[in-house]
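Read through the structure below, which is laid out as structure tokens, and then see the notes.
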Amino acid sequence: MYKSHQAMPDVEVLSSHFPIPGMGLLPVNAFVIKAKEPVLVDTGTGIDSEEFMKALASVIDPGDLRWVWLTHDDADHTGNIQKVLEAAPSARLAANSLAVLRMSTAWPVPMHRVYWLNSGDSIMAGDRKLTAVRPPLFDNPTTIGIYDNKSQAFFSADCFGAILPSPVQNADDVAEGDLAQGMIIWASCDSPWVHMIEPGVFRQSLDRIRQIAPKMIFSAHLPPAQGKMEQFLELLAALPTSTPFVTPNQTALEQILAQMKGDG
Ligand SMILES: [Fe+2]
Ligand SMILES: [Fe+2]
């Protein structure tokens, strides 16, 4: 179920959430940056396609979009990419080259509309510069977040996501303990390589975000978070030496199915 809300004067959030049995829910967000050349950041999930397209149309006429920026080619970010490109004939598709090539194995990506970006590259969206920034945590090699120099917001892809107890519109609405626990569990599941990395090296990648100093963090998997960069970076700094989270196994699945049967 997608809903839209304005998080900043020029940023709209298209938000949904996925239940994680026994644990809570995972927010799934896409964003519209109302730049002079409007930008859609990610395209939601395919399972809620109709609602996603409705939520998008409620904040902007898709025909006005000039850019569709894919942070990476995971299914929870590319769910409506073909529909969006059809509805937005003037939009170019900004993404990492590997994301585009991988998607080309599933559907015919219109290459003449594509714009390839590596971390550090930028596009001008009329009234602002959008710079590709690889976030400190990612689950896919094609990941490029966005730093928007006008709103001073960092669109961080999967990084800073959290499994939460209930849906909320703002990260401030989550109890601090729940947020910390949910973020650590998500990070450990989604980027398990973090447990193999030397803590000092990981700290350097956190410091790169610290230097950018975004005022707002728009994660694909967390409600919008204002002024929380330092808190989040400190939380993540503990990850390399923390105990890896073990994802549920078949025994857990059988318990979940038995519970669902009982509830039904
Ligand atoms: Fe991902
Ligand atoms: Fe994701």
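Residues in segment 56-80 that are open to solvent by less than 20 Å² (accessible area, probe 1.4 Å) and either modelled with pLDDT under 95 or within 9 Å of ligand 1 (Cβ to nearest atom) (or both): Thr71, His72, His77. Taking into account only those residues within segment 36-55 that are under 16 Å from Ala94 (Cβ atoms) and open to solvent by less than 10 Å² (accessible area, probe 1.4 Å), which is farthest from the chain's Cα centre (by Cα)? Among them, the one singled out is Val39.
For Phe245, indicate whether it is surrounded by 16 or more Cβ atoms within 10 Å (Cβ to Cβ), of a type in the set (Phe, Trp, Tyr) and touching a residue at least 12 places away in the same chain (Cβ under 8 Å). Spelling it out, it is not the case that Phe245 is surrounded by 16 or more Cβ atoms within 10 Å (Cβ to Cβ), of a type in the set (Phe, Trp, Tyr) and touching a residue at least 12 places away in the same chain (Cβ under 8 Å). Answer yes or no as to whether Ala225 is modelled with pLDDT of 95 or more and at positive phi. Against the criterion (modelled with pLDDT of 95 or more and at positive phi), Ala225 does not qualify.
Only one of the numbered conditions (1) open to solvent by 10 Å² or more (accessible area, probe 1.4 Å); (2) within 16 Å of ligand 1 (Cβ to nearest atom) is violated by Ser166, and that is (2). The residue of segment 174-192 that is farthest from Ala220 (Cα to Cα), among those that are open to solvent by 10 Å² or more (accessible area, probe 1.4 Å) and within 16 Å of ligand 2 (Cβ to nearest atom), is Pro192. Answer yes or no as to whether Ala171 is open to solvent by less than 30 Å² (accessible area, probe 1.4 Å) and either under 23 Å from Phe31 (Cβ atoms) or within 16 Å of the chain's Cα centre (by Cα) (or both). Yes; evaluated as a whole, the condition is true for this residue. Among the residues of segment 101-122, some residue qualifies, meaning at least one is within 15 Å of Thr43 (Cβ to Cβ), within 16 Å of ligand 1 (Cβ to nearest atom), free of Cβ contacts under 8 Å to residues at least 60 places away in the same chain and touching a helix residue (DSSP H, G or I) at 6+ places or on another chain (Cβ under 8 Å).
Could you list, in sequence order, the residues of segment 147-162 that are more than 16 Å from ligand 2 (Cβ to nearest atom) and either of a type in the set (S, T, N, Q) or open to solvent by 10 Å² or more (accessible area, probe 1.4 Å) (or both)?
First, pick out the residues of segment 147-162 that are more than 16 Å from ligand 2 (Cβ to nearest atom): 147-153.
Hits for segment 147-162 are Tyr147, Asn149, Lys150, Ser151, Gln152.
Looking across segment 218-244, the residues that are more than 16 Å from ligand 1 (Cβ to nearest atom) and not in a helix (DSSP H, G or I) come down to Pro223, Pro224, Ala225, Gln226, Gly227, Lys228, Ala238, Ser242, Thr243, Pro244. Kindly provide the set of residues from segment 83-132 that are open to solvent by less than 20 Å² (accessible area, probe 1.4 Å) and either at positive phi or among the small types (Gly, Ala, Ser) (or both), ordered by number. Those that are open to solvent by less than 20 Å² (accessible area, probe 1.4 Å) and either at positive phi or among the small types (Gly, Ala, Ser) (or both): Ala88, Ala91, Ala94, Ala95, Ala99, Ala125, Ala132.
The values are calculated or read from the model by the stated rules, or taken from the named source; none is laboratory data. Note that the coordinates shown come from a computational prediction; the quantities given were computed from them, not determined experimentally. For neighbour counting, all protein chains shown are included, and Cβ atoms are generated from backbone atoms with ideal geometry for every residue, glycine included. SASA here: full protein model, heavy atoms, side chains in, ligands and nucleic acids out. Shrake-Rupley method; radii C 1.70, N 1.55, O 1.52, S 1.80 Å.
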